[in-house]
1. For the range 257-279: of the residues being of a type in the set (S, T, N, Q) and at pLDDT 90 or above, which is least open to solvent (accessible area, probe 1.4 Å)?
2. So which residues in the range 312-326 are open to solvent by 80 Å² or more (accessible area, probe 1.4 Å) and not in a helix (DSSP H, G or I), if there are any at all?
3. Could you list, in sequence order, the residues of the range 373-397 that are open to solvent by less than 100 Å² (accessible area, probe 1.4 Å), closer than 22 Å to residue 517 by Cα and either of a type in the set (Phe, Trp, Tyr) or in contact with an Asp or Glu (Cβ under 7 Å, 6 or more places away or on another chain) (or both)?
4. Quick check: anything in the range 205-214 under 26 Å from residue 491 (Cβ atoms) and open to solvent by less than 10 Å² (accessible area, probe 1.4 Å)?
5. What are the pairs with Cβ atoms under 9 angstrom where one residue, in the range 414-441, is more than 26 Å from residue 468 (Cα to Cα) and the other, located anywhere, is part of a strand (DSSP E or B)? Sequence gap at least six, or different chains.
6. When you scan the range 237-308 for helices (runs of 4 or more DSSP H) that lie fully inside it, which ones turn up with 1 or more residues that are touching a helix residue (DSSP H, G or I) at 6+ places or on another chain (Cβ under 9 Å) and more than 27 Å from residue 549 (Cβ to Cβ)?
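The values are calculated or read from the model by the stated rules, or taken from the named source; none is laboratory data. Since this is a predicted model, take the numbers as computed values, not measurements. Cβ placement follows ideal geometry from the backbone for every residue including glycine, while neighbour counts extend to all protein chains displayed. Side chains included, ligands, DNA and RNA excluded: accessible areas come from the protein's heavy atoms. Shrake-Rupley method; radii C 1.70, N 1.55, O 1.52, S 1.80 Å.
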Amino acid sequence: MAELRHSASMGSRASSAVSPAKRDDPSAPFISAASVDGGGRDWDRDRDKDPHRVPFGSSLLHLHLPSPIRSLLALEDPRVSTSSSYRILVAFLAFLVVAVLFFVPSLWSRLNAPYLCHKEGITLHCPRVKEPPSLWENPYSSTTSWKPCAERRENGISDLPLENETNGYIFIHAEGGLNQQRIAICNAVAVAKIMGATLILPVLKQDQIWKDQTKFEDIFDVDHFIEYLKDDVRIVRDIPEWFTDKAELFTSIKRTVKNIPKYASADFYIDNVLPRIKEKKIMALKPFVDRLGYDNVPPEINRLRCRVNYHALKFLPEIEEMAEKLAARMRNRTGSVIPYMALHLRFEKGMVGLSFCDFVGTRDEKAMMAAYRQKEWPRRYKNGSHLWQLALQKRKEGRCPLEPGEVAVLLRAMGYPKETQIYVASGQVYGGKNRMAPLRNMFPNLVTKEDLAGKEEMDHFRKHVTSLAALDFLVCLKSDVFVMTHGGNFAKLIIGARRYMGHRLKSIKPDKGIMSKSFGDPYMGWATFVEDVVITHHTRTGLPEATFPNYDIWENPLTPCMCRA
């Protein structure tokens, strides 16, 4: 009887193992081959003893994975899976693929995006960098994102027409100081390119303030200028010989185009100026200050302007060599190589008067300045009654030049020590030694080019005022830190050139609006002032900025003239 009971028991177990009804029932227990094998362990009996025990070949992961994945990993008998489970698995995998395709490129582009600051109103926002802030250089991240790319034409092929097929000749007077003249020359090349005309070497016009009669060849390397641009624009040294009455070009209204608006477009030149040049063959364009826009010309024309500014316009070798000597002497003044700062201090009498701002001074000084303004700018001065309110408003808006004492406090708040070597590029400071005393007391190592070079060395350059300006320009350009105190073409071109060279060199552009509020707060402590200065000027150091409508290509050459490194 025992054998019969045992046989019956084994038969019922075997039949339950192969019964279709039992096999397809999801509630039926999973029975491995070991449970029915004579040499294996009876899993049913073991489970009765330990209900939490997991069968051989499984793991704890089996208890937590979705059934489609358990089937896929062979952790569960695939016979229990249904088609809906596989659809869920496919959908899940498809979701993962889409997520990867969507997020990975975005993440990769963020990690590899070029360093670029963006403006919101007047506020500049720049990406964070790992490098700690430095007194003497911009964060390294900003130097590897962009590179100059205006050196040569994109295709490297000249598209100049034959010499006898030129549309005519244009002639300009480059007015103002050296840097205003530089901008006029760049624009003249661009205008000649737009109209397919030949450019006669520009004349540097004597300015009423500078009183200088420097010629183009007294400052710039003419041979390099013409050779470098030979595939862009045809340039001749002088008026063609067949044009006999050269004086007419300067005096005759018939030979002059005078109706060019400021920041004119390329289309304006093609529609209005080119027909007159074709008719007369030779025309003078004047005045020629800011007579070509930035946003309304083709990108290649803007790149050409950068090519002229940064590559074609080279100072004479003797000017370059003297500037190199001055920069080397600045770095070796203490007997060891150290960095130096260049300060463009715009506080001459003319600048102070033209600003119509109010500055600290005695009653006599203020009376003399009022008389000077009334004489030089009578229409703006009127009777002087409105000037106080105007001066107050301009200072709040940050449109007044910084005084030497204000510059000293600003630099000390930024962390520059008393021992800092500072090269000063400026004219005669209004107020003389008394006005300079606060700056010199806080930074005694102030020097000019006259302090660095002997009289005999400088005599050669004193023949032309623009030669002295060129020396200041180059020494500031080579400095480790450049600080401007007010706007102008000099500072604008320096900052633009340092951006173009890679942004590694720091160029500090003070936020004069914030500073005016801080200087005017008698209750602000030094620690609070220092914090405001550091935070405000963290991004005002010549970092690469995105261009915006009506941007100035000379200060920010990024978009047309630079490309991702």
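1. 265
2. Matches in the range 312-326: 314 only.
3. Within the range 373-397, 391 is the sole residue that qualifies.
4. yes
5. 414/508; 416/341; 416/422; 416/481
6. Numbers: elements: 246-251, 274-280, 299-307.
Of the helices (runs of 4 or more DSSP H) lying wholly inside the range 237-308, those with at least 1 residues that are touching a helix residue (DSSP H, G or I) at 6+ places or on another chain (Cβ under 9 Å) and more than 27 Å from residue 549 (Cβ to Cβ) span 246-251, 274-280.
Yes/no per residue for (1) aliphatic (A, V, I, L, M); (2) over 17 Å from residue 483 (Cα atoms); (3) in contact (Cβ under 8 Å) with a residue 40 or more places away in the chain:
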{"position": "498", "(1), (2), (3)": "no, no, yes"}
{"position": "508", "(1), (2), (3)": "yes, no, yes"}
{"position": "511", "(1), (2), (3)": "no, no, yes"}
{"position": "523", "(1), (2), (3)": "no, yes, no"}
{"position": "529", "(1), (2), (3)": "no, yes, yes"}
{"position": "533", "(1), (2), (3)": "yes, no, yes"}
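Yes/no matrix, rows are residues, columns are (1) assigned to a loop (DSSP other than H, G, I, E, B); (2) modelled with pLDDT under 95; (3) open to solvent by less than 10 Å² (accessible area, probe 1.4 Å); (4) at positive phi:
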{"residue": "164", "(1), (2), (3), (4)": "no, yes, no, no"}
{"residue": "182", "(1), (2), (3), (4)": "no, no, no, no"}
{"residue": "186", "(1), (2), (3), (4)": "no, no, yes, no"}
{"residue": "191", "(1), (2), (3), (4)": "no, no, yes, no"}
{"residue": "226", "(1), (2), (3), (4)": "no, no, no, no"}
